[in-house]
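Here the structure comes first, spelled out in structure tokens, and everything after it is commentary.
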């Protein structure tokens, strides 16, 4: 469904993506790990159009979207959460979702109401629909960040370190929510440092280091790789 073909990006002499080849199949959950500075968030910025690649192509459902603006990619079916939730604090949870559905997803008002209602249920926020976003604790702010991405009706959902900062119990709650979303048939690419959370959901794992994909495959096989352990832990395996 989504494919990056030899995608590269550099800022002067600093290469942040080097000929990245990556595929996401329909309904698949793909995890991405790597040390800080490996190029993980850059990968999402390239997929969503916040950065333009210097070379290579990004293809969605067989169509080249390399030159599409971020809003057009969103309406084409690419949704994204951000590492640090920044909702509209003065709006309610439901109003935050409405903004995402109406302007991000380009839905009509009646359809947006239905999508927002279903999204509230999927993310466990239905009881807090009328709460101001600025009053939510961290777990619910993470849920809202996830819900705002979902309200755009994505077919590919990009999650950027959404489990960061949560307690162990909160992390398990969030994992259950993401599993429910994935069971709806939505494809997921999940960047995460909380590796046990990632491995509880994803079917395939890719490892980035200095902007390169150095390994990808079944999660158990990738995590057993001595090269991956050395790269990710920063010490010889």
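Just so it is clear, none of the values below were taken in a lab; they were calculated from the coordinates. Everything numeric here is computed off the predicted structure, so don't read it as measured data. No Cβ is skipped: glycine too gets one built from the backbone with ideal geometry, and neighbour counts run over all protein chains shown.
Rounded to the nearest 10 degrees, the angle from helix 109-122 to the longest Cα principal axis of the chain is 70 degrees.
For the chain, the longest principal axis of the alpha carbon atoms and the long axis of helix 138-150 meet at an angle near 90°.
Going by neighbour counts of Cβ atoms within 10 Å, the residues 139, 146, 159 line up, fewest first, as 139, 146, 159. In terms of its C-alpha gyration tensor, segment 117-173 comes out oblate, because a/c is 1.5 or above while a/b does not outweigh b/c.
Modelled this way, with points 7 Å down the Cα-to-C-beta line, the labels at residue 110 and residue 196 are 4.9 nm from one another. Per-residue ellipticity at 222 nm computed for the chain from its helices equals -10500 deg cm²/dmol, with DSSP H segments shorter than 4 residues left out and the rest contributing -39,500 (n - 2.57). Principal axis extents of the C-alpha atoms in segment 115-237 (largest first, rounded to whole Å): 51, 28, 23.
Sorted from greatest to least, the principal axis extents spanned by the alpha carbons of the chain come out as 50, 40, 31 Å.
Would you mind classifying segment 37-102 by shape? Square roots of the alpha carbon gyration tensor eigenvalues, ordered a ≥ b ≥ c; an a/c under 1.5 is rounded, otherwise it is prolate if a/b is larger than b/c and oblate if not.
Note, shape of segment 37-102 comes out oblate.
How would you rank 193, 90, going from fewest to most other Cβ atoms within 10 Å of each one's own Cβ? Walk me through the numbers before you get to the answer.
Working: 193 15, 90 9.
Fewest-to-most Cβ neighbours within 10 Å comes out as 90, 193.
On full extension, the segment bounded by residue 179 and residue 36 gains 48.9 nm, given 0.36 nm per residue less the C-alpha separation.
What is the list of residues in segment 128-143 whose amide nitrogen lies under 11 Å from a point 7 angstrom out from the Cα of residue 89, following Cα to Cβ? The answer is 133-136, whose backbone nitrogens lie closer than 11 Å to the label point.
Of all DSSP-defined beta bridges confined to the chain, some 55% are antiparallel rather than parallel. Kirkwood hydrodynamic radius of segment 148-206, from the reciprocal of the average inverse Cα-Cα distance over all distinct pairs: 11.8 Å. The C-alpha atoms of the chain define a longest principal axis, and helix 168-183 lies at about 90 degrees to it. Approximating the spin labels as points 7 Å out from Cα along Cα→Cβ, the residue 224-to-residue 71 distance works out to 5.0 nm.
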